[in-house]
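Shown next, in structure tokens, is the structure this report addresses.
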Amino acid sequence: MISFCIIGKNEEAILEQCLLALVPYGYEIVFVDTGSTDRTKEIAHNYTDKVYDFVWQDDFSAARNFSISKANSEFILPIDCDEIVVEFDKVKTEQLIKLYPDKVGRLLIVDDFSRKVDSNSEISDNYASNVRVSRLFSKNKFHYEGSIHEQVVPIDGGDISTYNIPLRMLHSGYNGNEEVLRKKAERNRNLLLIEYEKSPDDPYILYQLGQTYFMEHDYEHALVYYDKMLAIDVNPRLEYVQNGVEAYGYSLVETKQYEKALGLIGVYDTFAVTADFIFLMGLIYMYNGMLEEAVGEFLKATKCKEVKVQGTDSFRAFYNIGVIYECVGMIDEACEYYKKAGDYVRARQRLSELKKESAE
């Protein structure tokens with residue numbers, strides 16, 4: 001009923017783990033190689049006889065659509081080589097396909113990555129974010145468009161309706177060798193700049209350019225494109241717009257434009273629908289010395305049901321409240337909130353250090 005469609009190049013280090021997780025479901029696997037010089041194709045042949053070559057054209061959609069054309073099933077579920085299925089209700093998914101044959105199914109991707117505590121620190125913090133992406137669709141009704149960060153669009157035009165499917169995948173693409181990540185970011189940036197030349201007012205392209213620079217910690221350049229995106233009348237309900245607003249706020253914080261970041265108060269009612277945005281506002285208040293307001297936002301974040309980055313609704317918020325109380329000399333209250341942060345490494349470290357200080 002479903003075909004898993006994968007494209008890849010020189011993925012011998014991660015491909016087998018991806019394929020192993022797909023085999024138990026018994027669906028067709030289509031693998032399209034875009035020019036590997038390692039054992040990628042050999043590994044793919046161990047799991048499927050549907051392995052094809054495709055000459056890379058600097059266009060992800062072209063490669064995606066080629067893979068789709070080789071699938072026997074009507075319904076397609078593209079997978080990336082750096083994604084691993086960790087939870088999938090096959091029966092429920094097939095029921096949903098029958099209920100919504102003209103819609104696009106959205107699966108849940110968990111991104112694991114690390115980020116420096118701040119631009120002046122060598123200390124890194126581990127993060128996990130939850131993102132819904134459109135993946136499951138009928139090849140008779142949808143295809144991909146866009147050379148980079150390709151999107152599922154109706155073949156005959158029109159709008160897309162979506163539904164959530166019970167499929168969760170772990171994505172490791174933002175971790176790994178720094179040189180590999182640098183090359184990937186450079187490739188993506190070059191392709192996006194070509195798209196930008198063609199469509200300078202496309203908010204999604206502007207968002208992706210901002211994200212590319214953001215992931216490289218080049219926050220000055222990221223802000224250029226976030227500013228351009230936000231100058232366009234965009235739909236605030238779109239997930240990429242919400243992500244872009246949050247990344248814009250973090251970029252202002254990273255470049256120490258704290259007062260300018262307070263401007264997000266003006267869109268608070270629109271975007272304060274996730275713990276992530278509320279947590280960000282807590283940080284902005286904190287960096288502006290508005291400590292009472294910061295504590296209020298962090299506490300509010302812990303009561304929010306919608307969350308993308310794990311911990312913004314719990315241990316990260318409690319940790320920051322602890323930091324604030326410690327800074328104003330309320331050590332007992334600080335310890336209380338560090339304890340509420342549970343096993344969060346930074347909170348446990350501060351508790352240990354405060355215990356040593358009190359013993360001296």
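The coefficient of translational diffusion for segment 256-349, derived via Stokes-Einstein from the alpha carbon Kirkwood radius under 20 °C and 1.002 mPa s, stands at 162 µm²/s.
Two decimals is fine: what's Rg over Rh for segment 284-334, C-alpha atoms, Kirkwood radius as Rh?
Ratio of gyration radius to Kirkwood radius for segment 284-334: 0.98.
In segment 185-254, Rg over Rh equals 0.94, where Rg is the alpha-carbon radius of gyration and Rh the Kirkwood radius from pairwise Cα distances. The ellipsoid that matches the Cα gyration tensor of the chain has semi-axes, each √(5λ) in whole angstrom, of 39, 23, 20, with the longest given first. Looking at the chain alone, DSSP beta bridges between its own residues are antiparallel in about 50 percent of cases.
Please give the per residue volume of the convex hull enclosing the alpha carbon atoms of segment 203-310, rounded to a whole number of Å³. Walk me through the numbers on the way to the answer.
Numbers: hull volume 10.0 nm³, N = 108.
Looking at segment 203-310, the number lands at 93 Å³ per residue.
Ignoring aspartates and glutamates fewer than eight residues from LYS300 along the same chain, the ones with Cα atoms less than 16 angstrom from its Cα are ASP269, ASP276, GLU292, ASP313.
Rg over Rh of segment 1-118, using C-alpha atoms and the Kirkwood radius, what does it come to?
Computed over Cα atoms, the ratio is 0.99.
With a cut-off of 18 Å, note down the residues of segment 272-314 whose backbone N falls inside the zone around a label point 7 Å from the Cα of ARG237 toward its beta carbon. Residues 272-274, 306 qualify, since their backbone N sits under 18 Å from the label point.
Values in this text are rule-based calculations from the coordinates and carry no lab data. Since we're looking at a predicted model, the values are computed, not measured. Note that each Cβ is placed from the backbone with ideal geometry, even for glycine, and that neighbours are counted across all protein chains shown.
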